Amino acid sequence: MTPPPSDPPAANQSIIACGQSVDIGAPVVLWNDKGGFNCPNKRGRENCSQHDPVLDDQPTQPDAAYQILDPKVAYQELKKTVYQLILHYDVCYCSWQCHQIMKDSTFKGSQFYLDLDGTIYQTCDLYWKTNTGPSDDRIGNTRSVHVEMANLSWEALKEESDLYKVTKDQYRKINGQWQLILPQTYRDKLRTRDFKVIPARSHKQRGYFSRRINGAMVRMWDFTEEQYQSVIKLCRGIHRLLPKVKLRIPCDTKTHRIPLDRIRNFSRFAGVMGHCHIQQGTSDDLRPKYDPGSAFNWSRLRKAFLKETGKRRPS
Ligand SMILES: [Zn+2]
């Protein structure tokens, strides 16, 4: 008998900031691992001093220029500086495609990608800043780290697809279950072989979710169960490494409802937020953001955090 095809060897499970690492209990592929993605456009954080200041908001330099001078001092500075983890969807078929888009750009990057099968890619040490979400005050990247989660968002819908101009809905119901029909090129790029991309939840008969965010109706299918499990572990891991990133999400103190629009105290909030919570867009060059979108299950994240912190109510 031919042995069944085996998945690639178990990946590393640690994420890294200034050489400090924590095991998060989910597969993590680091930028210098085989099959890893190296952030093509890193920047220095203005509030940290352990790098050449020429790296702050300058065009991308050769990779060798991104040296952390004293990692111990750098880690202390980073712990003081970073207090937000921002969640995004990448409007891509998978993380590999997301990385190609980052590479084609002169300024785009994200410290983490989260693929459909729950694999986390860390693209650089968290000491470095990436231009993922400037937020309405334009200095949001300095105080945050980002994760781009694989999801096509509205591009999966024939009627809404603008970028890819898909000729049919990209999710289909197979044996009563919605599934993303992933083109072979992208299927081959997932770490888990033959991975079936099934949304964790589906909405009524039509499958996709629809809610208004920062003034626009956002229609999209949900993230996968594997992505939820990994993003929760990633939040915990980042909190352990950078304790100012609290295990909390935006929440109305009176109604306990979770907002989807930009929040008032977006620049001071310490915890986990969506791109939508920090940027409603104030001018032509700063557009409104809707991610991680209408399907993202914020309640699940909140429940997981409350369990962790032992609190009954979000603070
Ligand atoms: Zn975003």
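Taking every residue in region 166-181 that is assigned to a loop (DSSP other than H, G, I, E, B) and pairing it with any residue that is charged (D, E, K, R) and open to solvent by less than 90 Å² (accessible area, probe 1.4 Å), at least 6 positions away or on another chain, the pairs with Cβ-Cβ distances below 8 Å are V166/E155; Q170/E155. Only residues that are part of a helix (DSSP H, G or I), over 17 Å from G44 (Cα atoms) and of a type in the set (D, E) were counted across region 77-110, and they come to 1. Of the residues examined, C92 is not one that is buried (at least 20 other Cβ atoms within 10 Å of the Cβ) and out of contact with any helix residue (DSSP H, G or I) (no Cβ under 6 Å at 6 or more places or on another chain).
For (1) surrounded by 15 or more Cβ atoms within 10 Å (Cβ to Cβ); (2) more than 27 Å from Q177 (Cβ to Cβ), each residue gets a yes or a no:
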{"position": "V218", "(1), (2)": "yes, no"}
{"position": "P259", "(1), (2)": "yes, yes"}
{"position": "I263", "(1), (2)": "yes, yes"}
{"position": "M273", "(1), (2)": "yes, yes"}
{"position": "I278", "(1), (2)": "yes, yes"}
{"position": "S283", "(1), (2)": "no, yes"}
{"position": "F296", "(1), (2)": "yes, no"}
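If you go through region 31-46 one residue at a time, how many are buried (at least 22 other Cβ atoms within 10 Å of the Cβ), among the hydrophobic types (A, V, I, L, M, F, W, C) and touching a strand residue (DSSP E or B) at 6+ places or on another chain (Cβ under 8 Å)? Residues flagged as buried (at least 22 other Cβ atoms within 10 Å of the Cβ), among the hydrophobic types (A, V, I, L, M, F, W, C) and touching a strand residue (DSSP E or B) at 6+ places or on another chain (Cβ under 8 Å) within region 31-46 amount to 1.
Any residue in region 260-286 that's free of Cβ contacts under 8 Å to residues at least 60 places away in the same chain and over 19 Å from S110 (Cβ atoms): show its pairings with residues that are open to solvent by 20 Å² or more (accessible area, probe 1.4 Å) and not small (G, A, S) at Cβ separation under 9 Å, as long as the two are six or more apart or on different chains. Every condition considered, the pairs that remain are L260/R211; L260/R212; L260/N214; L260/Y290; D261/R212; D261/N214; D261/Q280; R268/Y83. Only one residue in A64, A74 is surrounded by 22 or more Cβ atoms within 10 Å (Cβ to Cβ), assigned to a helix (DSSP H, G or I) and not β-branched (V, I, T). Which one? Going through A64, A74 in turn, the sole match is A74. Every listed requirement among (1) within 15 Å of the ligand (Cβ to nearest atom); (2) under 16 Å from V147 (Cα atoms) is met by S294 save one, (2).
The values are calculated or read from the model by the stated rules, or taken from the named source; none is laboratory data. Here the structure is a predicted model, which is why all the values come from computation and not from measurement. No Cβ is skipped: glycine too gets one built from the backbone with ideal geometry, and neighbour counts run over all protein chains shown. Note: accessible area is taken over every heavy atom of the protein model, side chains too, but ligands, DNA and RNA are not part of it. Shrake-Rupley method; radii C 1.70, N 1.55, O 1.52, S 1.80 Å.
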